[in-house]
1. Out of (1) assigned to a helix (DSSP H, G or I); (2) over 18 Å from the mean Cα position of the chain (by Cα); (3) β-branched (V, I, T), what's the single condition that is false for V120?
2. On the given criteria, is V135 closer than 30 Å to G16 by Cβ, open to solvent by less than 60 Å² (accessible area, probe 1.4 Å) and either of a type in the set (D, E) or in a loop (DSSP other than H, G, I, E, B) (or both)?
3. If you go through the range 62-101 one residue at a time, how many are open to solvent by less than 70 Å² (accessible area, probe 1.4 Å), within 19 Å of V35 (Cβ to Cβ) and either in contact (Cβ under 8 Å) with a residue 40 or more places away in the chain or of a type in the set (A, V, I, L, M) (or both)?
4. Tally the residues that are among the small types (G, A, S) and either in contact with a Pro (Cβ under 7 Å, 6 or more places away or on another chain) or open to solvent by 30 Å² or more (accessible area, probe 1.4 Å) (or both), restricting the search to the range 106-115.
5. Starting from residues that are open to solvent by 60 Å² or more (accessible area, probe 1.4 Å) and out of contact with any Ser or Thr (no Cβ under 9 Å at 6 or more places or on another chain), keep the ones in the range 116-129 and report whichever is nearest to G56 (Cα to Cα).
6. What is the residue count in the range 43-53 for residues that are closer than 26 Å to K109 by Cβ and open to solvent by 40 Å² or more (accessible area, probe 1.4 Å)?
7. Name the residue that is least open to solvent (accessible area, probe 1.4 Å), counting only residues in the range 1-42 that are acidic (D, E), assigned to a loop (DSSP other than H, G, I, E, B) and over 18 Å from Q82 (Cβ atoms).
8. Quick check on this structure: which one of A116, A46 is within 19 Å of Y14 (Cβ to Cβ) and in contact with a strand residue (DSSP E or B) (Cβ under 6 Å, 6 or more places away or on another chain)?
Amino acid sequence: MSERVAVRKTYKLYIGGKFPRSESGRSYIVQDANVALSSRKDARDAVVAARAAVKGWAGATAYNRGQVLYRVAEMLEGRREQFVVLGVPGEEVDAAIDRWVWYAGWSDKIAQVYGAANPVAGPYFNLSAPEPTGVVAVVAR
């Protein structure tokens, strides 16, 4: 009787709330798991989806944005061991969780810290407040 070969899970991309396969169909192996190798088209699709989401994200209250970021930290904490099994050092996963929590805490405080009533010469007010204005992309290899 021969030994059975394990079927590796193929991790997909996450773009626009869906989990599509890479446009190229290519993947690479990371610690016995197939990970999608995205193409330039996949990156463009991700930017288009992110730009479409900006209006909803910017329109959400700072408190709600913080709750979403905190939920990401909770989900990452719940799946910590999956990342460790894939070869990510536990300290790095913990640091990522802490970073998500940190940004979640700042979401409703940043306007008070970085917003300002700016002095001007004249009988009017000049106020500044930070607000979401665009898309940030990270390409890791």
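1. If we test V120 against (1) assigned to a helix (DSSP H, G or I); (2) over 18 Å from the mean Cα position of the chain (by Cα); (3) β-branched (V, I, T), just (1) comes out false.
2. Yes: the conditions hold for V135.
3. 7
4. Here the count works out to 2.
5. A129
6. Summing the residues that are closer than 26 Å to K109 by Cβ and open to solvent by 40 Å² or more (accessible area, probe 1.4 Å) in the range 43-53 gives 1.
7. E23
8. Step by step, each of A116, A46 is checked, and only A46 is within 19 Å of Y14 (Cβ to Cβ) and in contact with a strand residue (DSSP E or B) (Cβ under 6 Å, 6 or more places away or on another chain).
The values are calculated or read from the model by the stated rules, or taken from the named source; none is laboratory data. No experiment lies behind these values; they were computed from the predicted model shown. Cβ sites come from the backbone with ideal geometry, for glycine too, and all protein chains shown count toward neighbours. The accessibility values were calculated without ligands, DNA or RNA, using every heavy atom of the protein model including side chains. Shrake-Rupley method; radii C 1.70, N 1.55, O 1.52, S 1.80 Å.
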